[in-house]
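A short write-up of the structure that comes next.
The values are calculated or read from the model by the stated rules, or taken from the named source; none is laboratory data. All values reported here derive from a predicted model rather than from experimental measurement. Neighbour counts run over all protein chains shown; Cβ positions are idealised from the backbone, glycine included.
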Amino acid sequence: MLPVLMAMAAGIAAGYIFRSRRGLFSFLAPSTAWVIRLLLFLLGVGIGGDKALLAQVPVLGLKGLVLAVSAVSGSVLAARLVLGKTGAEMSAGQPVERVESSSGINGIGNWKAMGGSFIAAASFLLGLLSGALITGFSQLPWDPVAVVIYLLMFMVGMGTGGDPTVPAVIRKHGIRLALLPLTVVAGTLAGTLTTALLWQALPVRESLAVGVGFGYYSLSSLLLQELSGGEWAAIALLSNIFREIITLLAAPLLVKMAGPAAPPAAGGATSMDTTLAATLQYSGRAWTVPAIFSGVVLTVLTPFAVTFIMSV
């Protein structure tokens, strides 16, 4: 996995060097979305071409859902215990100003954000169908998944390295910013570990590796395809998509039960983009910056965490 990490490091360096050329980064978001869909399609092709694995998809989906619920529950509980129900440590004395429907960020925004998850799932299903019906994909002289994942890691790194707000956010909030991603890591590991110990069908190492995808379904699934095979790649994909959808649907309930830290904690890496609307609406503006910072940290951490766990 060293080439994957090197691709991300190269992207971070390139983003930092060219950070003043903002027009250069305008293509990153839409381009990255299409690269992710291509990767999910290729992942589906690999699984669809394996008849034995294809027959297990319903069982794999159940395992993915259980791990997703475990990761969300552990993260939310950890945030509740560490940050408290009021979240005063992260709000830094600011009132929790919730955004009403007039702001344009409302429940409809959550459903719109879920559209990305549905498109991702459709890309994967199309790949499954193609792999099951069309032969010859596995006979290519080069690995298309490896090539595209290197491109994705470079693009993710470039976006991170070129973001001029990160240093300013760190200076403003200081060490408090580290609390949220740390609680997500601890809670995710605790939740998935507990589930793996209780359900023998879930091996501990692979379950933890799925959990530390933190909702980053494309990268975590492809890493596990390389490190453990198609079965756990499929579980990782489904589990992390479920994590994102659970966060979007359950955000108001999570805030009521565990406080404003709950939605960004549940969203994990997605708290900086697709689940940010839920945090803004139900947790308030004071949680926008911590959510974005936590999402960036967890996104960068994902490839290192998955690789480390699978190498132990």
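For the range 286-297, check the following and say yes or no: at least one residue is in a helix (DSSP H, G or I) and free of Cβ contacts under 8 Å to residues at least 40 places away in the same chain. Looking for residues that are in a helix (DSSP H, G or I) and free of Cβ contacts under 8 Å to residues at least 40 places away in the same chain, one finds at least one in the range 286-297, hence yes.
For the range 47-72, the set of residues classified as in a helix (DSSP H, G or I) and surrounded by fewer than 21 Cβ atoms within 10 Å (Cβ to Cβ) consists of LYS51, ALA52, LEU53, LEU54, VAL57, PRO58, VAL59, GLY61, LEU62, LEU65, VAL69, listed by residue number. For the range 15-29, filtering for residues that are more than 18 Å from TYR217 (Cβ to Cβ), assigned to a helix (DSSP H, G or I) and at pLDDT below 80 leaves 5.
Within the range 30-40, the set of residues being under 16 Å from LEU219 (Cα atoms) and free of Cβ contacts under 8 Å to residues at least 12 places away in the same chain comprises TRP34 only. Within the range 41-70, residues that are within 28 Å of GLY187 (Cα to Cα) and small (Gly, Ala, Ser) have Cβ atoms under 8 Å from residues that are crowded, with 24+ Cβ neighbours inside 10 Å and at pLDDT below 85 in no pair, counting only partners at least 6 apart in sequence or on another chain. Beta carbons closer than 6 Å, at least 6 apart along the sequence or on distinct chains, pair a first residue in the range 181-197 that is touching a residue at least 12 places away in the same chain (Cβ under 8 Å) with a second that is β-branched (Val, Ile, Thr) and surrounded by fewer than 21 Cβ atoms within 10 Å (Cβ to Cβ) for THR183/VAL82; ALA196/VAL204. Being of a type in the set (A, V, I, L, M, F, W, C) and either closer than 18 Å to THR192 by Cα or crowded, with 22+ Cβ neighbours inside 10 Å (or both) is a property that does not hold for ALA286.
For the range 179-202, a residue qualifies if it is among the small types (Gly, Ala, Ser), surrounded by fewer than 22 Cβ atoms within 10 Å (Cβ to Cβ) and within 16 Å of the chain's Cα centre (by Cα), and exactly one does: ALA186. Given the criteria surrounded by 13 or more Cβ atoms within 10 Å (Cβ to Cβ) and modelled with pLDDT under 80, does ILE12 qualify? Answer is no for this residue. In the range 244-262, the residues that are hydroxyl-bearing (Ser, Thr, Tyr) reach residues that are outside any helix (DSSP H, G or I) with C-beta atoms within less than 9 angstrom, at least six apart or across chains, in these pairs: THR247/GLY215; THR247/THR274; THR247/THR275. For the range 246-300, residues that are more than 20 Å from GLY161 (Cα to Cα), among the hydroxyl-bearing types (Ser, Thr, Tyr) and in contact with a Phe, Trp or Tyr (Cβ under 8 Å, 6 or more places away or on another chain) total 1. Taken together, the criteria place THR279 among residues that are crowded, with 24+ Cβ neighbours inside 10 Å and either closer than 21 Å to PHE154 by Cα or without any contact (Cβ under 8 Å) to a residue 40 or more places away in the chain (or both). Looking at this structure, is LEU43 part of a helix (DSSP H, G or I), modelled with pLDDT under 75 and within 22 Å of VAL306 (Cα to Cα)? The answer is yes for LEU43.
As a summary of the residue check, ALA234 satisfies the conditions (1) closer than 21 Å to VAL306 by Cβ; (2) surrounded by fewer than 24 Cβ atoms within 10 Å (Cβ to Cβ); (3) of a type in the set (A, V, I, L, M, F, W, C) except for the one numbered (2). Answer yes or no: is there a residue in the range 211-227 that is of a type in the set (Ser, Thr, Tyr) and in a loop (DSSP other than H, G, I, E, B). Scanning the range 211-227, I find at least one residue that is of a type in the set (Ser, Thr, Tyr) and in a loop (DSSP other than H, G, I, E, B), so the answer is yes.
Mind checking whether some residue in the range 224-239 is polar (S, T, N, Q), under 11 Å from the mean Cα position of the chain (by Cα), under 26 Å from ALA146 (Cβ atoms) and modelled with pLDDT of 90 or more? Yes, the conditions are met somewhere in the range 224-239. Residues in the range 254-276: is at least one charged (D, E, K, R), closer than 27 Å to VAL57 by Cα and touching a helix residue (DSSP H, G or I) at 6+ places or on another chain (Cβ under 8 Å)? No, the conditions are met nowhere in the range 254-276. Candidates in the range 122-151 are the residues that are modelled with pLDDT under 75 and touching a helix residue (DSSP H, G or I) at 6+ places or on another chain (Cβ under 7 Å); of these, the one that is nearest to ASP273 (Cα to Cα) is ILE149.
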